[in-house]
Amino acid sequence: MPEAVPVVPRPAVNGTGAQPPAQGEVVDAVVIGAGFGGLYAVHHLTTNGFSVRGFEVGGGVGGTWYWNRYPGARCDIESVEYSYSFSEELQQEWTWTQRYPEQPELLAYIEHVADRFDLRRHFTFETRVESAVFDEETDCWTVTTDAGEQVRTRFVVTAVGCLSSSRIPDFPGLDRFQGRAVHTGRWPHEGVDFTGQRVALIGTGSSGIQSLPLIAEQAAHVTVFQRTPNFSISGANQPLDPEQVRDVKEHYAEYRDQARRSFGGSMIRTNRVSVFAVTEEERRAQFEARWKMGGFAFMAAFEDLGTDLAANALAAEFVSEKIRRVVHDPEIAERLIPTDHPIGSKRICVDTGYFETFNRDDVTLVDVKHTPIEEITETGVKVAGQVHEVDVIVFATGFDAMTGSLLRMDIRGRGGLTLREKWAAGPRTYLGLGTAGFPNLFTITGPGSPAVLSNVVLAVEQHVEWIVDCMQHMQAAGLATIEAEVDAEDDWVEHVNQAADRTLYKQANSWYLGANVPGKPRVFMPYAGGVGRYRKRCDQVAAEGYRGFRLEPAAPGDVGTSGHRTAGALAGS
Ligand code: NA7
């Protein structure tokens, strides 16, 4: 019978992280993904003495920012906030150049972090984890990759990202198209030259909205296929003022602390006033001021925009007016104004010159809500019997969000139960961190955590720190497994639902609800209770001995990760 394997830390090397374990060795943790979450997980685990193997499908680090290289790809959270806070040296030495960082700058930052903390050596790149199977005899996971390698590990930490499983809808005739087809989330590294090309852009979410102005500048003609118009707010992007950067760096600790305690994990302050408590003039002035700030700050103009439909309608009307003012053709303007969902109930887009682009003669808008795309032909996109002939199709059609990349792997917990079976009616987690039946499996920014409703960099830091604290606690207490209890999980799922019910989120057909993927269960996946509240809850659970999780001791005679007998107990017990 295989032997159980308790957590035994390896000594840190000069305090900068353990050496990567040898092939074939049982490790403390396998980390899946080398984006923001996976990199920090590997860093924090190794500096705390845990042995780790990391796997990443991409050829390098960066996650989202490795893949999404389309023109105009940019973060919708400000650079000084969308960055790691765990190292004071790092945040002092790195200087962002723009308010909203573009993909190349973000990737350069992540690569800098990987180099600075020497993290690449822990990862095997261009390697997909195919399966992770838990063995109840040994309390150990076996992780298998597409290269055929098997790794035995005590813990599996998934850092696979919430928007990493790109999807192209199943359009009939897709494979007949003779031109070039690209997805924004899997953009060719060498770029795409649109010069002189006729382009179809399918999808008007954030990726379509960000890329259109730049594609249109280059292409001969762009036809935009819009199913649902989206609310978008100018990012008012600009080079960062050195004075502002100095101020942020001087007060980083304070700003980060505010962000951690806030609702969305950023320094945006909500105006704690109801939109109905002010005069019409004051309301307009507040909306205008927030509009000028750019980006997400707009939705924080009043406290009830995200919770009260009538309040929300006033904000939506203000933004609709802005669209009408920018777009010259009134008929096109009306088609670009969303009417089927409250503003902010889908992730609001932050753009640079999106609506202005529809004033160009070489940009056409095609409605595919009422007359959906019939098929892709050899030469173009067919709608209402007409083929729009193009050379390139850009699919900005989004992702199988939050669960896509997790369920793509064959994850099997106790009794051989698969995660796909367990989540058949929608994801169920406790705190978004673990799920009953799957011991020692941690999901960074998992469904049920604030993740995509927040500044995800701060969100991953909080998850990683909680997980590593937990593993240290287990090690000190001689514990082998941690597993969410079904009751705690049920309560958390209910709480996540209640939090969403207090908002307008459920009134949109969004990827938050899985509504963009045919057949996906309609469940509101992220936690809408705010990151500050969520953090408190996680800390409280830990302080109360990981309430809601079942912790089990290791059996006597267990074998440590380095293969040494530990005399019936774990290190520290
Ligand atoms: P999104 O926001 O999911 O947008 C995908 C777009 O593709 C959206 O406009 C969809 O219309 C459209 N789509 C999807 N399927 C079809 C079909 N079958 N026909 C026509 N149009 C379709 O993905 P993004 O990549 O833009 O952004 C994802 C997140 O990344 C974003 O929220 C930010 O957080 C960053 P629909 O709205 O479903 O009618």
Testing VAL381 on (1) closer than 30 Å to PRO447 by Cα; (2) within 12 Å of the ligand (Cβ to nearest atom), one condition comes back false. Which one is that?
(1)
How do the pairs read when you match residues in region 342-369 that are in the same structural domain as GLY295 (by TED's automatic domain parsing) with residues anywhere that are away from the ligand (no atom under 15 Å from the Cβ) and among the hydroxyl-bearing types (Ser, Thr, Tyr), using Cβ under 6 Å and keeping only pairs 6 or more apart or on different chains?
VAL363/THR357
Test of understanding: among GLU465, GLU494, which residue is more than 21 Å from ALA34 (Cα to Cα) and in a helix (DSSP H, G or I)?
GLU494
Using beta carbons and a limit of 6 Å, which pairs, at least six apart or on different chains, have the first residue in region 147-171 and more than 30 Å from GLU378 (Cβ to Cβ) and the second one part of a loop (DSSP other than H, G, I, E, B) and within 16 Å of the ligand (Cβ to nearest atom)?
GLY161/GLY35; GLY161/GLY63; CYS162/ALA401; CYS162/MET402; CYS162/THR445; LEU163/ALA401
I want to confirm something. Restricting to region 362-378 and keeping residues that are over 15 Å from LEU212 (Cβ atoms) and part of a loop (DSSP other than H, G, I, E, B), which single residue is farthest from the ligand (Cβ to nearest atom)?
GLU378
Within region 235-245, does at least one residue satisfy the condition of being closer than 25 Å to ARG325 by Cβ and within 16 Å of the ligand (Cβ to nearest atom)?
yes
What's the number of the condition PHE171 fails, among (1) in a loop (DSSP other than H, G, I, E, B); (2) farther than 30 Å from GLN91 by Cβ; (3) open to solvent by less than 30 Å² (accessible area, probe 1.4 Å); (4) within 11 Å of the ligand (Cβ to nearest atom)?
(3)
For GLU254, which of the numbered conditions (1) at pLDDT 95 or above; (2) open to solvent by 70 Å² or more (accessible area, probe 1.4 Å); (3) part of a loop (DSSP other than H, G, I, E, B) fails to hold?
(3)
How many of the residues making up region 174-186 are more than 11 Å from the ligand (Cβ to nearest atom), within 16 Å of ILE215 (Cβ to Cβ) and open to solvent by less than 30 Å² (accessible area, probe 1.4 Å)?
1
Looking at (1) of a type outside the set (Gly, Ala, Ser); (2) part of a loop (DSSP other than H, G, I, E, B); (3) open to solvent by 40 Å² or more (accessible area, probe 1.4 Å), find the lone condition where VAL80 falls short.
(3)
Of those in region 493-505 that are touching a residue at least 24 places away in the same chain (Cβ under 8 Å) and out of contact with any strand residue (DSSP E or B) (no Cβ under 9 Å at 6 or more places or on another chain), the residue most open to solvent (accessible area, probe 1.4 Å) is ARG502
Could you grab me the full set of residues in region 120-168 that are surrounded by fewer than 23 Cβ atoms within 10 Å (Cβ to Cβ), of a type in the set (Gly, Ala, Ser) and in a loop (DSSP other than H, G, I, E, B)?
ALA147, GLY148, SER165
On the given criteria, is PRO229 within 16 Å of the ligand (Cβ to nearest atom) and assigned to a loop (DSSP other than H, G, I, E, B)?
yes
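The values are calculated or read from the model by the stated rules, or taken from the named source; none is laboratory data. Quick caveat, the model's predicted, so the values are computed rather than measured. FYI the Cβ positions are ideal-geometry reconstructions off the backbone, even for glycines, and counts take in every protein chain you see. Accessible surface is based on the protein model in full, side chains and every heavy atom, while ligands, DNA and RNA are left aside. Shrake-Rupley method; radii C 1.70, N 1.55, O 1.52, S 1.80 Å.
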